[in-house]
Amino acid sequence: MRIAVLGLNHGYTFAQQAKKMEGITLVAVAGNNASARERVKELDIPLFEDYKELIDTCLLDGVIITLPNHLHKEAVTYCADKGLHCLVEKPIADTTDAAREMIAYAREKQVKLMVGHHRRFSAKINHLKHLLESGVIGDLVGVNMMWVLAKDKDYYKEAWRVKAGGGPLLINGIHDLDNLLYATNLNIESAYATSRNKIRGLEIEDTVTAILEADDGTVIQYFLTDGVPSPWSYEFNVRENPAYHYYEEDCYYFFGTKGSLAFPSFRCYQYSEGEYGWKHALVEQHFPPAATVDPIAAELQHFVNVLKEEEEPRVPGEAGLRTLEILEAINLSIQEKRRVTLRESKGGNPEKN
């Protein structure tokens, strides 16, 4: 299968993986900054500054799109017109309206549209999903999620990162929200959130607190910040990316009618059979996953299988849209200081509470 990668920030990881995999040929990449020109030397393939010229010039089976979020719709549309299947990096788009248009256009042009929520390929996330579905902690009552770390001070020197959509909620929080949806199968119906820029004083947020409500009564509390030294975040805790330091801590907690489960340690606390209540001692168990995988490599292999028509996308456009709808509801709640229903993100009537 012949592919191209558009964008060489996160796309560089895909490009490196593609160079090592059998059954896939990385034909070319697109990028227009000094970093891209440096990285292409190691990749030893053609670099196009204009991704449209790449699409027009090269013979391809599929394209991986890791361009800035606001360019996703334009790039998917351009590729679909050429009959090229697309893996578009998360978030699927910068707005839910754009995401819906992308999904409809890909369907009209009969091309596959897959969203790069690569953590759905994580062995640990899939093990978490299995445990929750097995009922080991009973019916889910609540979830507590944290993403707390300190980004390098130079991170926000890029202009787009200090404008709307460049903060940690869209860049990082969308991963946690998608993990939540995938692992729990919850149908989120409303969000209430607040954000601050107390740490850096920039236009975009540096701290967010959100409360999400599911239609089955489950309540989720989520705290996110990229300006606090802390060991509690997915990147620091799951040990899937060697670029991050590892801390043996948990970042998610799941509370059920039969017990509680921490992630990624998979420590589970329950009462012994026949016992219940605070007068009894809790019993701790561990349910570690049997294996680990590189989620990016697994995602790329799956995309190759999609190109070969051996599999359907495990993260179709509709899945990316559902996650973006939650994030958009959080943003609307922050702006209007009220509870927002997901119906509003889907074009329904506002319900002010």
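The values are calculated or read from the model by the stated rules, or taken from the named source; none is laboratory data. None of the values given here were measured: they were computed from a predicted structure. So basically every Cβ, Gly included, is an ideal-geometry build from the backbone, and we count neighbours across all protein chains shown. Keep in mind that these areas ignore ligands, DNA and RNA; they rest on the heavy atoms of the full protein, side chains included. Shrake-Rupley method; radii C 1.70, N 1.55, O 1.52, S 1.80 Å.
Couplings for the range 86-103, taken from phi via the Karplus curve 6.51 cos²θ - 1.76 cosθ + 1.60 with θ = phi - 60°, read 10, 10, 9, 5, 5, x, 3, 7, 8, 9, 5, 4, 5, 4, 5, 5, 5, 4 Hz in order; Gly and Pro are left as x. The C-alpha atoms of the chain define a longest principal axis, and helix 174-184 lies at about 60 degrees to it.
Of the GluC sites (Glu not before Pro) found in the range 1-99, those in coil by DSSP whose Cβ has at most 12 other Cβ atoms within 10 Å are E22, E49. Grab the Cα-Cα distance for F287 and A243, subtract it from 0.36 nm times how many residues apart they are, and report the gain in nm with one decimal. Stretched out fully, the F287 to A243 stretch lengthens by 13.2 nm. Axis of helix 295-307 versus longest Cα principal axis of the chain: the two differ by about 50°, to the nearest ten degrees.
Relative to the longest principal axis of the Cα atoms of the chain, the long axis of helix 72-81 makes an angle of roughly 50 degrees.
In terms of its alpha-carbon gyration tensor, the range 14-61 comes out oblate; a/c meets the 1.5 threshold, while b/c is at least as large as a/b. Going by a ≥ b ≥ c, the root eigenvalues of the Cα gyration tensor, does the range 202-278 fall in the rounded group (a/c under 1.5), the prolate group (a/b larger than b/c) or the oblate group? Oblate, since a/c reaches 1.5 and b/c is not below a/b.
Label sites at R267 and V162, each approximated as a point 7 angstrom past Cα along Cα to Cβ, lie 4.1 nm apart.
Checking the cross-link pairs K151/K198; K20/K90; K20/K112; K19/K52; K258/K279; K90/K198 against a 18 Å limit on the alpha carbon distance flags K20/K90; K20/K112; K19/K52; K90/K198 as lying beyond it. Summed over the residues of the chain and divided among them, the accessible surface reaches 48 Å² per residue at a probe radius of 1.4 Å.
Farthest toward the positive end of the dipole of the range 171-235, out of F223, L186, N197, is the Cα of N197, where the dipole comes from beta carbon charges about the Cα centre. What a 1.4 Å probe finds exposed on the chain is 49% carbon and sulfur by accessible area, rounded to a whole percent.
Shape class for the range 219-344: oblate, because the ratio a/c of the largest to smallest gyration tensor axis (alpha-carbon atoms, square roots of eigenvalues) is 1.5 or more and b/c is at least a/b. Taken about its Cα centre, the range 21-169 carries a charge dipole of about 460 debye when Lys and Arg each add +1 at the Cβ and Asp and Glu each add -1 at the Cβ. When only the Cβ of Lys, Arg, Asp and Glu is charged (+1, +1, -1, -1), the dipole of the chain relative to its Cα centre reaches about 440 debye.
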